[in-house]
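Every number here is computed from the coordinates shown, using simple stated rules; none is lab data. Values in this document were obtained by computation on a predicted structure and should not be read as measured data. In this analysis, Cβ positions are derived from the backbone assuming ideal geometry, glycine residues included, and neighbour counts consider all displayed protein chains.
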Amino acid sequence: MSVTNLRPPSSLARCTSLAVLTVGLLIGMSPLATAADTADTAPGTVSVSGQGIQQATADKVTLSTTVHAEEPTAKEALEAHGAAVKALISAAKAQGLTLQDIITEDLWLQPVYSDDGDDSRISGYEASQSISLNVWNITKAAQVIEAVMESADNAVRLDGLEFDLKNHAPLLKRARAEAFQNARSKAEQYAELGGYTLGDIVTVNDYTETGSRTGNLPTETYAGKGTITLTPHKITDKVTTDITYKLN
């Protein structure tokens with residue numbers, strides 16, 4: 001009696017083994033694919049802007065003045081102008097200002113023309129100088145104005161004044177803290193609305209805006225000592241902060 005061999009050929013056995021190995025590899029890779037899909041749907045970031053606004057009373061005044069002289073000749077105009085400038089400087093120093101507080105902005109000499117029928121001719125010369133005066137004691141600003149206005153009669157003109165702070169750093173520091181807290185409060189609310197918690201800061205950028213206040217005091221309104229009263233303005237500094245946070 002013959003016996004039938006039931007084992008598959010060696011080539012078929014090898015194919016069966018490869019098929020089993022392939023299935024095993026696919027099954028082993030499936031957890032890795034799932035982890036990658038989960039990473040793609042992880043929380044991202046939230047970006048917000050916060051603003052901080054702080055005010056302080058001005059403690060500095062800058063006065064803008066012009067010293068002007070007009071005479072028949074250029075030499076006479078320069079001499080009259082020079083005498084008026086010296087008088088202004090002397091008056092300002094008597095009020096406690098130093099030479100560093102008295103700043104020349106512009107200086108010019110030009111002819112003055114007059115019309116004579118169809119002709120235009122030089123009738124004289126004008127010398128002018130723009131001078132800024134930094135008054136660090138704001139309570140003396142009115143006194144300084146009166147002193148310089150009376151220093152050279154009509155040769156001095158007050159063009160305007162600017163209220164400011166000697167140092168903006170403390171005001172900006174408070175505004176920056178306010179802007180940061182404002183931005184964080186927004187970010188926490190957005191995170192909560194989205195079902196997340198707020199994570200670490202990714203980026204921070206801020207933009208500052210320092211303020212000052214300008215005003216005018218027409219020369220023709222000046223009527224002598226004791227006629228000028230100044231009340232200091234409030235100075236406003238602003239900080240805008242853009243912050244990006246991670247979401248957990």
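Below is a table of values for the structure above.
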item	result
Distance (nanometres) between label positions extended 7 Å along Cα→Cβ at SER49 and ARG157	4.2
Rounded FRET efficiency, nearest 0.05, which uses the C-beta distance separating LYS234 from GLU188 and R0 of 35 Å	0.65
Cα→Cβ-extended label distance, 7 Å offset, between THR197 and LEU99, nm	6.6
Two-decimal ratio, region 98-219, of alpha-carbon radius of gyration to 2.2 N^0.38 Å	1.94
Extension gain, ASP115 back to THR214 (0.36 nm per residue minus Cα-Cα distance, nm)	31.9 nm
Alpha carbon Rg of region 146-187, scaled by the compact-globule rule 2.2 N^0.38 Å	2.31
